[in-house]
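Asks: Got a structure for you, questions after.
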Amino acid sequence: NIFSLSAILIISLGSVFSQSLATDFTASDCEGNSHHLFSELDNGKVVVIAWVMPCSPCATYAGYAYSAVQTFSISHPGKVDFYLVDDYANTSCSNLVNWGNSNQMPLNTVFSTGAINMSDYGDNGMPKVVVLGGVDHSVYYNMNDNQINFVDVQSAINTALASFKKVDSIMNTKARDETVS
């Protein structure tokens, strides 16, 4: 039946696109600050999200993503953010902050809200890490569990930063050309 085939195709395409493009959200972090994902990406930031339970294996693999983010603190200050997000928003902010601190992840933005949904990026995992960036709101990295590693997260962040520089360079060239004309 054509209707069933069309429905399956739409669902399949939705799954593919949800994993290649970020899903927008506006959410308050555990300190009460509001974050609008697409505004942050549009302003040249790269956002690395790590969903955790929290659990011991989560600390290991989310820690790789956290460490990768920290390598950009001097070369790209304020451009790469680490979001530590409770998987199903059922852990209190204070417990999540304490868990991050006790697992050597003190420099982060913590969320315990259902507004940041890991299911938007395919299969759930513990932990799950995505790297988001660019004015096109791309997903540069999307891994679960023991597939998460420092080198690949760091590489994805570099790629995301470079993509924004390319767009910025094109916009500056266009602006310069329009001024000269």
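Asks: Can you say whether residue 83 is open to solvent by 20 Å² or more (accessible area, probe 1.4 Å) and either within 14 Å of the chain's Cα centre (by Cα) or at pLDDT 95 or above (or both), as far as the supplied structure shows? Talk me through it step by step, then tell me what you get.
Replies: Numbers: open to solvent by 20 Å² or more (accessible area, probe 1.4 Å): no; either within 14 Å of the chain's Cα centre (by Cα) or at pLDDT 95 or above (or both): yes.
For residue 83, the condition - open to solvent by 20 Å² or more (accessible area, probe 1.4 Å) and either within 14 Å of the chain's Cα centre (by Cα) or at pLDDT 95 or above (or both) - is not met.
Asks: Still on this structure, I have one more. At pLDDT 95 or above and in a loop (DSSP other than H, G, I, E, B): is that true of residue 35 in this structure? Steps first, answer last, please.
Replies: On the way: at pLDDT 95 or above: yes; in a loop (DSSP other than H, G, I, E, B): no.
Taking the combined requirement at face value, the residue does not satisfy it.
Asks: Would you say residue 134 is modelled with pLDDT under 95, over 20 Å from residue 60 (Cα atoms), surrounded by fewer than 16 Cβ atoms within 10 Å (Cβ to Cβ) and not aromatic (Phe, Trp, Tyr)?
Replies: Values: modelled with pLDDT under 95: yes; over 20 Å from residue 60 (Cα atoms): yes; surrounded by fewer than 16 Cβ atoms within 10 Å (Cβ to Cβ): no; not aromatic (Phe, Trp, Tyr): yes.
No; evaluated as a whole, the condition is false for this residue.
Asks: Could I ask something else about it? Cβ contacts < 7 Å: first residue in a helix (DSSP H, G or I) and open to solvent by 50 Å² or more (accessible area, probe 1.4 Å), restricted to the stretch 158-169; second residue modelled with pLDDT of 85 or more and of a type in the set (Val, Ile, Thr), any location; separation 6+ or different chain. Result?
Replies: 167/135
Asks: Let me ask you something else. So, in the stretch 20-47, exactly how many residues are over 22 Å from residue 164 (Cβ atoms) and open to solvent by 60 Å² or more (accessible area, probe 1.4 Å)?
Replies: Count: 4.
Asks: Still on this model: The conditions are (1) touching a residue at least 24 places away in the same chain (Cβ under 8 Å); (2) under 21 Å from residue 33 (Cα atoms), and residue 77 fails exactly one of them. Which is it?
Replies: Result: residue 77 passes all but (1).
Asks: Any idea how many residues of the stretch 95-131 are in contact (Cβ under 8 Å) with a residue 24 or more places away in the chain, more than 18 Å from residue 37 (Cα to Cα) and open to solvent by 30 Å² or more (accessible area, probe 1.4 Å)?
Replies: 8
Asks: Any idea which residue in the stretch 48-80 is surrounded by the fewest Cβ atoms within 10 Å (Cβ to Cβ), counting only those that are among the hydrophobic types (A, V, I, L, M, F, W, C) and over 14 Å from the mean Cα position of the chain (by Cα)?
Replies: Within the stretch 48-80, the subset among the hydrophobic types (A, V, I, L, M, F, W, C) is 48-53, 55, 58-59, 62, 65, 68-69, 72, 74, 80.
Of the ones still in play, those that are also over 14 Å from the mean Cα position of the chain (by Cα) are 53, 55, 58-59, 72, 74.
Working: 53: 17, 55: 14, 58: 23, 59: 19, 72: 19, 74: 7.
If we take residues in the stretch 48-80 being among the hydrophobic types (A, V, I, L, M, F, W, C) and over 14 Å from the mean Cα position of the chain (by Cα), then 74 is surrounded by the fewest Cβ atoms within 10 Å (Cβ to Cβ).
Asks: Out of 61, 66, 83, 88, I need the residue that is part of a loop (DSSP other than H, G, I, E, B), within 17 Å of residue 127 (Cα to Cα) and either in contact with a Cys (Cβ under 7 Å, 6 or more places away or on another chain) or not basic (Lys, Arg) (or both). Which one?
Replies: Details: 61 fails: part of a loop (DSSP other than H, G, I, E, B); 66 fails: part of a loop (DSSP other than H, G, I, E, B); 83 fails: part of a loop (DSSP other than H, G, I, E, B).
Within the list 61, 66, 83, 88, the selection yields 88.
Asks: In the stretch 101-138, how many are assigned to a strand (DSSP E or B), under 19 Å from residue 150 (Cα atoms) and either among the small types (Gly, Ala, Ser) or over 14 Å from the mean Cα position of the chain (by Cα) (or both)?
Replies: Residues in the stretch 101-138 being assigned to a strand (DSSP E or B), under 19 Å from residue 150 (Cα atoms) and either among the small types (Gly, Ala, Ser) or over 14 Å from the mean Cα position of the chain (by Cα) (or both): 1 in total.
The values are calculated or read from the model by the stated rules, or taken from the named source; none is laboratory data. Keep in mind the model is a prediction, meaning the values are calculated, not measured. As a convention, Cβ positions derive from the backbone with ideal geometry for all residues, glycine included, and neighbour counts pool all protein chains shown. These accessible areas exclude ligands, DNA and RNA; they are computed on the full protein's heavy atoms, side chains included. Shrake-Rupley method; radii C 1.70, N 1.55, O 1.52, S 1.80 Å.
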